[in-house]
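Q: Before I ask anything, let me first share the structure, which is written out below as structure tokens.
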2 protein chains.
Amino acid sequence: MSIKKIFLDEREMPSTWYNIVADMPNKPLPPLHPGTKQPVGPEDLLPLFPMALIQQEVSMERDIQIPEPVMDAYRVYRPTPLVRAYGLEKALDTPARIYYKYEGVSPSGSHKPNTAIAQAYYNSLEGVKKITTETGAGQWGTALSYACQLFGIECEVYMVKVSYNQKPYRRHIMNLFGSQVFASPSDRTHAGRTILQRDPSNQGSLGIAISEAVEMAAADPSTKYALGSVLNHVLLHQTIIGQEAKKQLEMAGDYPDIVIAPLGGGSNFAGLAFPFLKDNLTEGKNIRCIAVEPASCPKLTRGEFKYDFGDTMGLTPLLPMFTLGHDFMPPDIHAGGLRYHGASVLCSQLLKDGLIEAQAKQQIPCFEAGVLFAKTEGIVPAPEANHAIAQVIEEAHKAKESGESKTILFNLCGHGHFDMTAYQDYFAGKLHNHELAQEVITGSIAGIQNLQPV
Amino acid sequence: MSIKKIFLDEREMPSTWYNIVADMPNKPLPPLHPGTKQPVGPEDLLPLFPMALIQQEVSMERDIQIPEPVMDAYRVYRPTPLVRAYGLEKALDTPARIYYKYEGVSPSGSHKPNTAIAQAYYNSLEGVKKITTETGAGQWGTALSYACQLFGIECEVYMVKVSYNQKPYRRHIMNLFGSQVFASPSDRTHAGRTILQRDPSNQGSLGIAISEAVEMAAADPSTKYALGSVLNHVLLHQTIIGQEAKKQLEMAGDYPDIVIAPLGGGSNFAGLAFPFLKDNLTEGKNIRCIAVEPASCPKLTRGEFKYDFGDTMGLTPLLPMFTLGHDFMPPDIHAGGLRYHGASVLCSQLLKDGLIEAQAKQQIPCFEAGVLFAKTEGIVPAPEANHAIAQVIEEAHKAKESGESKTILFNLCGHGHFDMTAYQDYFAGKLHNHELAQEVITGSIAGIQNLQPV
């Protein structure tokens, strides 16, 4: 048996992020101003983001240098291990070789600090005093809380109410890192109050929480806003994952046939897959890159590609993306990080161009997959990661049927230590699958013309 | 700056455990039979333990081979990283070089699987169908649950009631790994029922939970019992920690002046310290090895060295150890793993012989230390580990005062992901220090003669 855990020396950590825009055959369409419906310029985004991040958002450069203070902060947990899933392979009796990149070793227990640290750093350079943000399951809020205290910035988090109540430990860890956390919709913002007037028992969504965080940032010049996924610069920062994984697979003498990651906004998937997609785009390789979403929030497999808002209230620029409509309210599944109505512009364009694949998975089989993984690999996965594992198991079964020894790589994007109530619900038979009726989906985006602003 | 995380290749993992008995100047006194008060023979222990573990319990061999299936299971998470605490050093402005061995990467999030895996393996070899055990904070119960399902053994856990209620996530993860978990004292055993009759609101202790688990094991020939600390074979299995740390410090070109670990029963401390103590005992080195206990359960600093029972009801053999008395009820501190009335025979003998040091720490400054560590090093420590960190900070301050560049190594024995309610209580000002009156301590051991059986 070869070695199980492949560690990359921290002196071998990649020193640039990979910007896939440079290699995309069709470049992404521009975001549009919510008022004028014209392409937004950098100045339109300045109330929300520091200039350095706006420049990364529109950059065409292939390789972007990682600043030394960010590299330093990365070294607290990076490079993360690449692990051969011998235990899972044996349980599945598959000829497939399964590897996972384990991002759960980070301070927040997921991949999110990769961009949180970069964003906090660039904000600190431009004198920002406070950052507002939204969080779903709490992974992003925790990461930003950690990053902000590293660079001496205040942090205010709007946490989707259903997760706020389901996952109290997540709130506590954000508090530990010095952040203020509010259940969203809250009564602190116009957006939150409007939603609560319409529906006092509203359980929140990422779209609503974004509206609240954006509103607070826009109202104060020394406050900026940070997004944990969706935007180009966020996806860019995550590409350190896939670049490390490439080096580590090379150390193991292997190369992937299939790369799999969950997709909520897109940064998890992009982080692992884009550096491999590069090989497809520039070297004629043919790796299958599969984004896995929840069947209860199926923008990739059942949404439409069009301009839509990033938030529920329509405060953000319009983005060209696969969407279920910005007012889509996903069911209260435990994979809170995947409850977002749209997919990032870059992932959407790549899917539209047939360069990546998408799959939707139901909640209960995902937990089943997660439990098998925990027992065989000794790591309890985050519910988001379970979506990738369910797909991996499917591909491993196919490899067994066809007798092909495929190499499968997936992103174990985080641990589930703060999600144990979800597992308890699973064992108690309290979880549900959510098969959405077509009318729920099309109803929510009625009136939105394809590739036209709403 | 040198590298932060020192990874040992898994092919370099030590293949033997270190048995300090071989090098102790005064060998440990024998355990006595609770009925006859005569030294127990192997056959006395057979109802509770498999013969292979009984042999390790009395072995005088210096190096004991780790079986290959145990090595394989270790490779899921071992070797664990050794990390240079640059962030903490900077925050303390100390010339000390601080390293921690991070055992939180294991399946249960602490060092406990090092012995759980070995114990489950030896039990499986001897055809054992079920193992019963106790658990305090839940770290041990989780580790044994994971290990038992690896080797196809049923697992039944008696969890100290205060922790059962404080730490529900711990129960859920034990359930995930397939164990049955009961709050102790329970009504399933004679021991539990007796305690509950006396005091229906009894919050439990490790001593009571041990009584329950031992009683269940003794009643069924295909059921054995496993202990997570205290016994010689348990300490033995943990010595892989210190052996790895030695190799990793050597890779970093360093050698410790001070080695620090928390002490509950002793396996945490022994695991890290014994391989370094070996250098004191056999090579004339002079490393200070400091065991840190809670001020609310101060057997090392305020207990007496004498024969006492390992459990509350007096079912176990009598052990020669530093003890607060087997019916001592420690306050409900959050470091549940340190709420045990006695210290292992080996640690007790070493302390008595002046070969190790002991310190007691209050709860609130320990949490203060843990929060500083989390912010500067990106890992939320288990409350048990915070005791070591508080001592590390004290030694780092001393180094600063004296201007000496000491090398300090400590055992970051686990993460605190399942202990977030404790941190929340800390921030909410709900935690207490517990200064025990002398009469509480001496009262509880009244009538016990020094080195005489009770």
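The values are calculated or read from the model by the stated rules, or taken from the named source; none is laboratory data. Since this is a predicted model, take the numbers as computed values, not measurements. No Cβ is skipped: glycine too gets one built from the backbone with ideal geometry, and neighbour counts run over all protein chains shown. We work out accessible area using only protein heavy atoms, side chains counted, and drop any ligands, DNA or RNA first. Shrake-Rupley method; radii C 1.70, N 1.55, O 1.52, S 1.80 Å.
Q: Considering every residue within region B:59-69, establish whether at least one is closer than 30 Å to residue B:396 by Cβ and of a type in the set (A, V, I, L, M). Write out each step before concluding.
A: Taking region B:59-69 and keeping what is closer than 30 Å to residue B:396 by Cβ, we get none.
No.
Q: Now for a separate question. If we scan region A:232-244, do we find a residue that is touching a Ser or Thr at 6+ places or on another chain (Cβ under 6 Å), touching a residue at least 60 places away in the same chain (Cβ under 8 Å), assigned to a loop (DSSP other than H, G, I, E, B) and farther than 23 Å from residue A:396 by Cα? I'd like the intermediate steps shown before the answer.
A: Just the residues of region A:232-244 that are touching a Ser or Thr at 6+ places or on another chain (Cβ under 6 Å), to begin with: A:234-235, A:237-238.
Imposing the further condition that a residue be touching a residue at least 60 places away in the same chain (Cβ under 8 Å) reduces the set to A:234-235, A:237-238.
Among the residues that remain, those that are also assigned to a loop (DSSP other than H, G, I, E, B) are: none.
No, the conditions are met nowhere in region A:232-244.
Q: Hey, another quick one. Can we say residue A:364 is assigned to a helix (DSSP H, G or I), more than 14 Å from chain B (Cβ to nearest Cβ) and open to solvent by 10 Å² or more (accessible area, probe 1.4 Å)? Before the answer, list the steps.
A: Values: assigned to a helix (DSSP H, G or I): yes; more than 14 Å from chain B (Cβ to nearest Cβ): yes; open to solvent by 10 Å² or more (accessible area, probe 1.4 Å): yes.
In short, yes.
Q: Specify the residue that is most open to solvent (accessible area, probe 1.4 Å); the eligible residues are those in region B:29-88 that are among the β-branched types (Val, Ile, Thr) and out of contact with any strand residue (DSSP E or B) (no Cβ under 7 Å at 6 or more places or on another chain).
A: B:58
Q: Something else about it: If you scan region B:130-184, which residues turn out to be modelled with pLDDT of 90 or more, open to solvent by 20 Å² or more (accessible area, probe 1.4 Å), part of a helix (DSSP H, G or I) and within 11 Å of chain A (Cβ to nearest Cβ)?
A: Of everything in region B:130-184, those that are modelled with pLDDT of 90 or more, open to solvent by 20 Å² or more (accessible area, probe 1.4 Å), part of a helix (DSSP H, G or I) and within 11 Å of chain A (Cβ to nearest Cβ) turn out to be B:149, B:150, B:171, B:175.
Q: Within region B:417-425, is even one residue at pLDDT 90 or above, of a type in the set (Ser, Thr, Tyr) and either open to solvent by less than 20 Å² (accessible area, probe 1.4 Å) or farther than 24 Å from residue A:149 by Cα (or both)?
A: yes
Q: Quick one: residue B:379 ticks every box in (1) at pLDDT below 95; (2) open to solvent by 10 Å² or more (accessible area, probe 1.4 Å) bar one, so which box is it?
A: So the condition that residue B:379 fails would be (1).
Q: Here is a further query. Which residues, counting only those in region B:215-229, are open to solvent by 10 Å² or more (accessible area, probe 1.4 Å) and of a type outside the set (Ser, Thr, Tyr)?
A: Selection gives B:215, B:216, B:218, B:219, B:220, B:221, B:224, B:227.
Q: Take region A:185-214 and flag every residue that is among the β-branched types (Val, Ile, Thr) and open to solvent by 20 Å² or more (accessible area, probe 1.4 Å). Spell out the reasoning first.
A: First, pick out the residues of region A:185-214 that are among the β-branched types (Val, Ile, Thr): A:189, A:194-195, A:208, A:210, A:214.
A:194, the sole residue that qualifies.
Q: Turning to a different aspect of this structure: Filter region A:66-77 down to the residues that are assigned to a loop (DSSP other than H, G, I, E, B) and either more than 9 Å from chain B (Cβ to nearest Cβ) or at pLDDT below 95 (or both) and list them by number. So that I can check it myself, show each step before the final result.
A: Going through region A:66-77, the residues assigned to a loop (DSSP other than H, G, I, E, B) turn out to be A:66-67, A:75-77.
Within region A:66-77, A:66, A:67 meet the criteria.
Q: Residue by residue through region A:395-421, note down the ones that are more than 9 Å from every other protein chain (Cβ to nearest Cβ), touching a residue at least 24 places away in the same chain (Cβ under 8 Å) and more than 19 Å from the chain's Cα centre (by Cα).
A: Of everything in region A:395-421, those that are more than 9 Å from every other protein chain (Cβ to nearest Cβ), touching a residue at least 24 places away in the same chain (Cβ under 8 Å) and more than 19 Å from the chain's Cα centre (by Cα) turn out to be A:395, A:396, A:397, A:399, A:400, A:403, A:404, A:405, A:406, A:407, A:408.
Q: Just checking, which of A:339, A:302 is surrounded by fewer than 24 Cβ atoms within 10 Å (Cβ to Cβ), more than 14 Å from every other protein chain (Cβ to nearest Cβ), in contact (Cβ under 8 Å) with a residue 60 or more places away in the chain and not acidic (Asp, Glu)?
A: Working: A:339 fails: surrounded by fewer than 24 Cβ atoms within 10 Å (Cβ to Cβ).
Going through A:339, A:302 in turn, the sole match is A:302.
The rows are residues; the columns are (1) over 30 Å from residue B:102 (Cβ atoms); (2) open to solvent by less than 10 Å² (accessible area, probe 1.4 Å); (3) modelled with pLDDT of 95 or more.
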| position | (1), (2), (3) |
| --- | --- |
| B:262 | no, yes, yes |
| B:268 | no, no, yes |
| B:283 | no, no, yes |
| B:307 | yes, no, yes |
| B:327 | yes, no, no |
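Q: Check residue A:297 against each of (1) buried (at least 24 other Cβ atoms within 10 Å of the Cβ); (2) among the hydrophobic types (A, V, I, L, M, F, W, C); (3) farther than 20 Å from residue A:162 by Cα and name the one condition it does not meet.
A: Checking residue A:297 against (1) buried (at least 24 other Cβ atoms within 10 Å of the Cβ); (2) among the hydrophobic types (A, V, I, L, M, F, W, C); (3) farther than 20 Å from residue A:162 by Cα, the one that fails is (3).
Q: Filter region A:90-109 down to residues that are within 14 Å of chain B (Cβ to nearest Cβ) and open to solvent by 20 Å² or more (accessible area, probe 1.4 Å), then give me how many there are.
A: At the first step, the residues of region A:90-109 found to be within 14 Å of chain B (Cβ to nearest Cβ) are A:90-91, A:100, A:102-109.
After this cut, where a residue has to be open to solvent by 20 Å² or more (accessible area, probe 1.4 Å) as well, the list is A:90-91, A:102, A:105.
Residues in region A:90-109 being within 14 Å of chain B (Cβ to nearest Cβ) and open to solvent by 20 Å² or more (accessible area, probe 1.4 Å): 4 in total.
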